[in-house]
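The values are calculated or read from the model by the stated rules, or taken from the named source; none is laboratory data. A quick note: this is a predicted structure, and the numbers were derived from the prediction, not measured. Here the Cβ is made from the backbone with ideal geometry for all residues, glycine too, and neighbour counts use every protein chain on show.
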Amino acid sequence: MPLYMDRHDIAGVDPESLAAAHQEDLKVMGRYGVRFLTYWFDEPRGAAFCLIEAPNKEAVHDMHQEAHGFVPNEILEVDQGLVEAFLGRVTDPGNAHETPISDSAFRTIMFTDMKDSTGLTSRLGDEGAMQLLRVHNGIIRGALQKHQGREVKQTGDGFMASFVSVARGVECAIDVQRDFATHNAEHPSHHIEVRIGLTAGEPVRDGGDLFGACVQLAARLCSSANPGQILVAHVVQELCLGKQLPFRESRDLVVQGFPDPIQTHEVSWAEA
């Protein structure tokens, strides 16, 4: 049966009221042939996201309509593996039976890209290239573990990762660049340079894919960065106010696939 994530714009609703509405969903879901798995609630942004197995989108809409009237603004068919990779769970948290869920689905998305990965084999040979790729992967995965990042997928010469905390995402990017700088100083003939891009957003917004525009923008910022550079969207800088992170003044960047220039900041990781 297909898996859906829906979005509800419900400003002013508190976690207790949402938990009560969830109980009403559970009472009627059998009538529509659906299975309610879990939900996320971002009270400051007034948004809730439900994860539901259902025969179709109409069943998701009609179940909510009968249960409590909070009908979804968007319904998106999703892949369970990606939901778990981005959000960390596909069932209720362990304490959901005692405490109303107030777990936000807002995530920071980070892309990394290794410079000239396609030329490694010609420069170093098969074994040398594989050894350098293992070093590259180890550095990034070590930083993700340190900063509680989730590896969504490996792109061959880079990674896509998600973070619950925006600041931790930026701190992870800084550590990645610092660790590669240390490696390069110690191994001058085997330099590794990466580009990094970050932005932040919600899982379901205006159709498309899970974290669709957010993923696209993070990937574009990564490809727009120079080797050794971290570029972030303005939303990342805004959400890190007061964290004493080394953002430079903003500049507008024309990004492929986005109609308007994107306000971006470079992270001066060498000055951190």
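What number goes with the only condition from (1) over 17 Å from the mean Cα position of the chain (by Cα); (2) outside the structural domain of residue 235 (by TED's automatic domain parsing); (3) under 28 Å from residue 174 (Cα atoms) that residue 42 does not pass?
Failed condition: (1).
Within region 50-73, take every residue that is surrounded by 17 or more Cβ atoms within 10 Å (Cβ to Cβ) and in contact (Cβ under 8 Å) with a residue 60 or more places away in the chain and give me the one that is farthest from the chain's Cα centre (by Cα).
Among those that are surrounded by 17 or more Cβ atoms within 10 Å (Cβ to Cβ) and in contact (Cβ under 8 Å) with a residue 60 or more places away in the chain, it is 70.
Any residue in region 92-104 that's more than 13 Å from residue 23 (Cα to Cα): show its pairings with residues that are among the acidic types (Asp, Glu) and at pLDDT 90 or above at Cβ separation under 7 Å, as long as the two are six or more apart or on different chains.
93/103; 102/43; 104/42
Which ones in region 122-139 are in contact (Cβ under 8 Å) with a residue 40 or more places away in the chain and surrounded by 17 or more Cβ atoms within 10 Å (Cβ to Cβ)?
Residues satisfying the conditions are 132, 136, 139.
Select from region 76-99 the residues that are part of a loop (DSSP other than H, G, I, E, B), surrounded by fewer than 17 Cβ atoms within 10 Å (Cβ to Cβ) and touching a Pro at 6+ places or on another chain (Cβ under 9 Å) and list them in ascending order.
99
Taking region 141-164 on its own, how many of its residues are surrounded by 19 or more Cβ atoms within 10 Å (Cβ to Cβ) and not in a strand (DSSP E or B)? Break it down stepwise before answering.
Going through region 141-164, the residues surrounded by 19 or more Cβ atoms within 10 Å (Cβ to Cβ) turn out to be 143-144, 147, 149, 152, 158-163.
Those still in the list that are not in a strand (DSSP E or B) too: 143-144, 147, 149, 158.
Matching residues across region 141-164 total 5.
Specify which of the listed residues (109, 52) is closer than 18 Å to residue 154 by Cβ and among the aliphatic types (A, V, I, L, M).
On the way: 52 fails: closer than 18 Å to residue 154 by Cβ.
The conditions single out 109.
Suppose the filter is touching a helix residue (DSSP H, G or I) at 6+ places or on another chain (Cβ under 8 Å), over 20 Å from residue 247 (Cβ atoms) and touching a residue at least 12 places away in the same chain (Cβ under 8 Å); does residue 177 pass it?
Working: touching a helix residue (DSSP H, G or I) at 6+ places or on another chain (Cβ under 8 Å): yes; over 20 Å from residue 247 (Cβ atoms): no; touching a residue at least 12 places away in the same chain (Cβ under 8 Å): yes.
No: the conditions fail for residue 177.
Just to verify a result, which residue in region 50-75, among those that are in a loop (DSSP other than H, G, I, E, B) and of a type in the set (A, V, I, L, M), is farthest from residue 29 (Cα to Cα)?
Kept after step one, since they are in a loop (DSSP other than H, G, I, E, B), are these residues of region 50-75: 54-56, 68-73.
Okay, now just the ones that are also of a type in the set (A, V, I, L, M), so 54, 71.
Values: 54: 9, 71: 14 Å.
It comes out as 71.
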